[in-house]
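First comes the structure, then the notes that go with it.
The values are calculated or read from the model by the stated rules, or taken from the named source; none is laboratory data. Since the model is a prediction, treat every value here as computed from it, not as a measurement. All Cβ positions, glycine included, derive from the backbone under ideal geometry; neighbour counts span all protein chains shown.
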Protein chains: 2
Amino acid sequence: MYFYQIKPHLTTRSLFPENQESPIHFLRAGITPVRYFYKRNHFSYPAITNENFHLQINGKVTNPNTFSFNELINFPSKTLDIVLECSGNKRSKFEPKVYGEQWAQGAISRGRWRGVPLRTLLYLLGITKLAKEVVFESFDNGKIPSMNKEVSFIRSLPIEKALHPDTLIAYEYNGMPLPFKHGFPLRLIVPQWYGMASVKWLKRITVIDHNYEGPFQTDDYVYYPKEIEPFPVTSMKLNSTILQPLDFSIIEKATHTISGIAWTGEGEIKGVQVSFDNGISWNDAIVYPKQKYAWTNWSIEWSPIEKGEYVIQSKAIDSNDRAQPDEPLWNKKGYGYNAISKINVKVE
Amino acid sequence: MYFYQIKPHLTTRSLFPENQESPIHFLRAGITPVRYFYKRNHFSYPAITNENFHLQINGKVTNPNTFSFNELINFPSKTLDIVLECSGNKRSKFEPKVYGEQWAQGAISRGRWRGVPLRTLLYLLGITKLAKEVVFESFDNGKIPSMNKEVSFIRSLPIEKALHPDTLIAYEYNGMPLPFKHGFPLRLIVPQWYGMASVKWLKRITVIDHNYEGPFQTDDYVYYPKEIEPFPVTSMKLNSTILQPLDFSIIEKATHTISGIAWTGEGEIKGVQVSFDNGISWNDAIVYPKQKYAWTNWSIEWSPIEKGEYVIQSKAIDSNDRAQPDEPLWNKKGYGYNAISKINVKVE
């Protein structure tokens, strides 16, 4: 038999703006190559000019400054393996269904980011006691349906998170310059938070003495649950996904490796439990060496004794002994789906 | 703003065998380019050797023969615009859900096929009165879960369909040689039937005097409904799909063009009706000039008066005044889903 090139592509959710997710059931490796890195945009891609290679930092700092790209890459850097997940990942699973991009399970990536810790720059410029939040403005902008004017993508972080030693001004992904579509030349990387916090195409950083308000912070990226008060989307929830086999696939009566990933933005993954009998019994999966910000790979062998239909479930457990819930927190905009992962298979 | 290349890819359902569907909500044109032509395979791709450029025709014919590729392309040819649709297209919409590839709506294509009418060859070789069916064997083969031996992809047609003047031995798609992954060098094309009938990588044609039985005809590609007897999958059902806007998208309060396609394997498309009020009232869409075997494009302008959530539905009507049903015929293997097409949109 000849070899023909067979490889999956990103799955398109919308073209303008370009939103595409990973064909996650084929993501075996620990590091997501650029071609399978999900794309989540609010606007068209910004132009790249000389201005993009300069980063202004101003506001409540003693010495406001503009750093050139070359200056930034000469500061001591940090390299971290980090999961980025869109807060709308798995949105299509909510019942009742919610509006917005109908992400399946692939709006997630794991990659190696290199950059300067933001705190290095803020301390250098002299952060003042008035500092309460840090605002990040991107070069991308456009109209949003609910507003009639052009807006830029802007979000803030609380000062504590901005000063966390692992919050980076990143300029490399997997050992290469950032890809154009993922924030080149400079992107904020906020480990443990959902991806909207990791502002791409960084233009300006402003330290402020109050709470920032803007459409991507007080309208979007807010949980609106049914019976509790709205609250902002911040860190990633404890979660897991079964990568193989595929949902509703027909498999042979043989020994199968059931495998997947687990991750969290709070604490660390301690274990993953898998059920083959509708949740009556749970088996510990083998979990691969863990890193703080990356996902954990897990797998378990399964030899079904009888032909028939099965539900396979995976449940991540974190270092605080919390488990993925049976039901997600339903919210109007469909963020943070993290119920126990389930697939159906038929053994023939 | 700079131009960056933005284009959708095929959406992968499985890699081995390679099954991928069109990102159909972006299919605007009448002719599906090869890169968006859905792929549906049962096995890995066959090798292409000298043997593939020869087509045996034997069985109940007076003068069995083997035609070379060069001989075949020198017969008078026919060029037809034809919809090919996988019989599992829209399988993921069945409730209760069924096993198998979870196709959304993109396992469909419309292209321009050129080839020799099969009847030209059969009449030339002298079809005998004993002829009841014609069997088509492909070069691709492999194991299937329910059997423990290697099988080839083989299917038959009733003699009447085999002798239909538009049943082709095709060697061109959209004016080019057939793509490798779609049957190169020779493929059967059966207009109006679901895609499984259009056997790829044709190896051998055998005229027989009985009903052919094989796994792709008496096990797969059979409707197993709940309360009626099983019956074979043959012609495409009356169907329509809304191409834009996207399901669960958020759109502006403005005038929108709602557009889609409609097709059938029995008769022709006469019209398409669209509802914006949960099926209470139906509006005639504009339907584009029709061709017998191709899909019909349709569109309708819509100006929602109020913000809110809407269900948009499309219903194709055929030349026999039949309409798409409210509910599909549920069947165990999930073939022929053709209920009225529905999407949800939110106007903001």
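A few remarks follow.
- Residues satisfying the stated conditions in the stretch A:242-279, i.e. over 24 Å from A:ARG110 (Cβ atoms), away from every other protein chain (no Cβ under 14 Å) and crowded, with 18+ Cβ neighbours inside 10 Å: A:SER275, A:PHE276
- The set of residues from the stretch A:308-330 being part of a strand (DSSP E or B) and either touching a His at 6+ places or on another chain (Cβ under 8 Å) or loosely packed, with under 13 Cβ neighbours inside 10 Å (or both) comprises A:GLY308, A:GLU309.
- Options B:LYS149, B:LYS143, B:LYS161; residue that is closer than 30 Å to B:PHE94 by Cβ, surrounded by fewer than 22 Cβ atoms within 10 Å (Cβ to Cβ) and without any contact (Cβ under 8 Å) to a residue 24 or more places away in the chain: B:LYS143
- Within the stretch B:174-199, considering residues that are within 13 Å of the chain's Cα centre (by Cα) and assigned to a loop (DSSP other than H, G, I, E, B), the one nearest to B:ILE127 (Cα to Cα): B:VAL190
- Long-range neighbours under 9 Å by Cβ, at least six apart or interchain, first residue surrounded by 21 or more Cβ atoms within 10 Å (Cβ to Cβ) within the stretch B:295-307, second of a type in the set (A, V, I, L, M, F, W, C) and assigned to a loop (DSSP other than H, G, I, E, B): B:TRP298/B:ALA285
- Flag for B:TYR45 being of a type in the set (Phe, Trp, Tyr), over 30 Å from A:THR49 (Cβ atoms), within 9 Å of chain A (Cβ to nearest Cβ) and touching a strand residue (DSSP E or B) at 6+ places or on another chain (Cβ under 9 Å): yes
- Of the residues making up the stretch A:70-99, those that are within 13 Å of chain B (Cβ to nearest Cβ) and touching a Phe, Trp or Tyr at 6+ places or on another chain (Cβ under 7 Å) are A:GLY88, A:ARG91, A:SER92, A:LYS93, A:PHE94, A:LYS97, A:TYR99.
- Contacts under 6 angstrom Cβ, first residue in the stretch B:211-238 being part of a strand (DSSP E or B), partner surrounded by fewer than 13 Cβ atoms within 10 Å (Cβ to Cβ), 6 or more apart: B:VAL222/B:PRO230; B:VAL222/B:PRO232; B:TYR223/B:PHE231
- Looking across the stretch B:71-96 at every residue that is touching a Pro at 6+ places or on another chain (Cβ under 7 Å) and outside any loop (DSSP other than H, G, I, E, B), the one that is nearest to B:GLU327 (Cα to Cα) is identified as B:ILE82.
- Qualifying residues in the stretch A:9-45 (those that are under 21 Å from A:PRO245 (Cα atoms) and part of a helix (DSSP H, G or I)) - the one modelled with the lowest pLDDT: A:PHE26
- Odd one out for A:PHE136 among (1) over 23 Å from A:ILE208 (Cβ atoms); (2) part of a strand (DSSP E or B); (3) among the aromatic types (Phe, Trp, Tyr): (1)
- Residues of the stretch B:141-161 that turn out to be within 14 Å of chain A (Cβ to nearest Cβ) and modelled with pLDDT of 95 or more, as a count: 1
- Residue identified as in contact with a helix residue (DSSP H, G or I) (Cβ under 7 Å, 6 or more places away or on another chain) and within 14 Å of chain A (Cβ to nearest Cβ) among B:GLY308, B:GLY334: B:GLY334
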